[in-house]
Amino acid sequence: MKLFDVYPLYDVTPTRAKDVYVYDSKGTEYLDLYGGHAVISIGHGHDHYVKSLTEQLNEIGFYSNAIKNPIQQELANAIGEQSYCHDYQLFLCSSGAEANENGLKLASFTTGKKRIIAFHNAFHGRTSAAVAATDNVAINAPLNQQQEVTFLPFDDENALEIELKKGDVCAVIFEAIQGVGGLDEPSEEFIYAMDRLCNSYNTCLIADEVQAGFSRTGTFFAYQKYNIEPHIVTIAKGMGNGFPIGGILVHPSIEAKYGMLGTTFGGNHLACSASLAVLDVLKEEGLQKNAEELGKYFIDQAKNIPSVKKIKGRGLMLGLEFDFEVSDLRKELIYQQQIFTGGSSNKNLLRILPPLTLQKKHFDIFFKRLEKALKAINV
Ligand SMILES: Cc1ncc(COP(=O)(O)O)c(C=O)c1O
C-alpha cells in the first residue's frame with residue numbers, strides 16, 4: 001500500500017534524537033530549532049519522560065473513560081497549579097484540532113448559539129469547526145464550509161462589537177500569538193476588548209494555546225501576559241512532548257453534563273503520564289524562565305543581522321522576517337548547515353520553535369550558520 005501523499009517532505013530521515021539534537025540514519029547531527037512544530041517542549045528523549053512512560057506502560061497503558069483513572073485528576077491538579085488556572089475544569093482529548101473542536105462545541109452548547117468569530121490568518125486545526133475557523137480556503141472542503149464563521153482583523157473593536165450585537169455568536173476564538181499565521185499578536189487593548197465584549201454578549205472567549213501554551217512564550221499561557229479569564233483554553237502540542245494529548249480548560253462558570261463531550265483515547269494512562277512528566281521537568285528545570293530569557297537573547301542577537309527586516313514573537317516562539325521568501329534559506333539551513341527551522345503562511349518568515357531546554361550556545365551556533373546560509377543564497 002502507498003502512503004496517501006499529502007506532505008511535501010524534506011529528504012532527511014531522523015532515527016534518533018536527544019535533547020535539542022536529532023540524528024539521521026547516517027549519524028548526521030541536526031540542531032532542532034523546530035521542535036517537530038512546537039511539540040518538543042522538554043527536549044527529545046528526556047530521561048524522566050522516558051522513565052515515566054516506561055513505568056506507566058508496565059503498569060497499565062490504556063483503558064476507556066468508562067472507568068476511574070486517578071492520573072487524570074493528578075494531571076488536572078498539576079496543570080492547575082502550574083498555570084494558576086486552579087478553578088478551571090479539565091477535559092482531555094488527543095490533539096490540538098480536537099481540543100478546538102471540543103471548545104467550539106462546548107461554547108455552542110453553553111450559549112445555545114452557533115456562529116464563530118475567528119481572525120485573519122488564524123490556524124485552529126483540521127477538524128470540522130476548527131478548520132472552518134482557520135483562515136485558509138484551500139484546506140476547507142465543502143463539508144466544512146457549512147459552518148458559520150466570520151473572520152475579522154485583529155484590533156477592530158468596532159467590527160467585533162457589531163458582530164457580537166447580532167446575538168448569534170457562540171465563540172470568539174483567538175491565538176494570543178499566531179503560530180502558523182506568522183506570529184502576529186492582537187494589541188493589549190483589543191485583548192481586553194474581546195474579554196469585555198464576550199462577557200457582555202454571552203459569547204465564549206476561547207484562547208487557542210495549542211502552540212503557544214505550556215510555557216513556550218515565557219508565561220504558562222501566552223494570553224497570561226494580560227489579565228483576562230477566557231471561558232475556554234485549548235491545549236496540545238508541548239503538553240505531551242510528542243505523545244499525542246490535548247485538552248480544554250473550562251471556566252468554572254460553565255457546567256458539565258454527562259455525555260456532553262467524550263472520546264475513546266483522550267486522557268488515557270500513558271498520555272496523562274507523559275504530560276505529568278512534562279510538567280515535572282518544566283518546573284524542576286525552570287524551563288519557562290529559560291524560554292523567556294533565551295527569547296530576549298535571540299532578539300538582541302538578531303538585531304545584528306542586516307537582512308532581517310523584522311523580529312517577531314516572544315519566549316521560544318520566534319520568527320525572523322526577511323524581504324524574500326525563506327524556502328531556499330530553510331533548505332540551505334537543513335541540508336548544508338544541519339539546522340531544522342519552521343515556515344509559516346507568511347512566506348518571508350523563518351520560524352524558530354525549539355525545545356525549551358535550548359541554551360544560549362545553541363543560538364550562537366544558529367546565528368553563525370545562518371550567516372553562512374545567507375551568504376550561500378546570495379543575501
Ligand atoms: C494554534 C494551533 N491550533 C491548533 C492546531 C492544530 O493542532 P493539531 O495539529 O494537533 O490538530 C495547531 C497546529 O499547528 C496550532 O498551531
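The values are calculated or read from the model by the stated rules, or taken from the named source; none is laboratory data. The shown structure was predicted, so the numbers you read here are calculated from the model rather than taken from an experiment. Cβ sites come from the backbone with ideal geometry, for glycine too, and all protein chains shown count toward neighbours.
Summary table below
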| quantity | calculated |
| --- | --- |
| Within the range 119-130, considering residues that are among the aliphatic types (A, V, I, L, M) and part of a helix (DSSP H, G or I), the one nearest to the ligand (Cβ to nearest atom) | Ala130 |
| Some residue of the range 231-245 being more than 30 Å from Leu57 (Cα to Cα) and part of a loop (DSSP other than H, G, I, E, B) | yes |
| Those helices (runs of 4 or more DSSP H) lying entirely in the range 18-110 with at least 1 residues assigned by TED's automatic domain parsing to the domain that holds Phe220 and modelled with pLDDT of 95 or more | 47-59, 70-83 |
| Near pairs, Cβ below 9 angstrom, 6+ apart or cross-chain, from the range 235-257 (on the phi < 0 side of the Ramachandran plot and charged (D, E, K, R)) to any residue that is surrounded by fewer than 19 Cβ atoms within 10 Å (Cβ to Cβ) and modelled with pLDDT of 95 or more | Lys257/Phe109 |
| Which listed residue, of Ser94, Ser83, is within 16 Å of the ligand (Cβ to nearest atom), of a type in the set (Ser, Thr, Tyr) and touching a helix residue (DSSP H, G or I) at 6+ places or on another chain (Cβ under 9 Å) | Ser94 |
| Test: residue in the range 132-141 that is surrounded by 15 or more Cβ atoms within 10 Å (Cβ to Cβ), closer than 25 Å to Lys237 by Cβ, more than 14 Å from the ligand (Cβ to nearest atom) and without any contact (Cβ under 8 Å) to a residue 24 or more places away in the chain | yes |
| Among the residues listed as Ala17, Ala38, the single one being touching a residue at least 12 places away in the same chain (Cβ under 8 Å) and either within 23 Å of Ala207 (Cα to Cα) or not small (Gly, Ala, Ser) (or both) | Ala38 |
| Some residue of the range 352-361 being assigned to a strand (DSSP E or B), under 19 Å from Phe214 (Cβ atoms) and in contact with a His (Cβ under 8 Å, 6 or more places away or on another chain) | no |
| Residue within the range 41-48 that is farther than 24 Å from Asp364 by Cβ, in contact (Cβ under 8 Å) with a residue 60 or more places away in the chain and more than 20 Å from the chain's Cα centre (by Cα) present | yes |
| Qualifying residue in the range 110-118 (condition: over 30 Å from Val22 (Cβ atoms) and within 15 Å of the ligand (Cβ to nearest atom)) | yes |
| Test: Glu292 is charged (D, E, K, R), assigned to a loop (DSSP other than H, G, I, E, B) and under 25 Å from Pro186 (Cβ atoms) | no |
| Filtered residue count, the range 82-108, keeping only those that are of a type outside the set (S, T, N, Q) and either over 20 Å from the mean Cα position of the chain (by Cα) or more than 18 Å from Ala274 (Cβ to Cβ) (or both) | 12 |
| Every residue from the range 181-199 that is surrounded by fewer than 23 Cβ atoms within 10 Å (Cβ to Cβ) and closer than 24 Å to Gly36 by Cα | Gly181, Gly182, Asp184, Glu185 |
| Single residue of Ile254, Ile248 found to be of a type in the set (Val, Ile, Thr), surrounded by fewer than 21 Cβ atoms within 10 Å (Cβ to Cβ) and modelled with pLDDT of 95 or more | Ile254 |
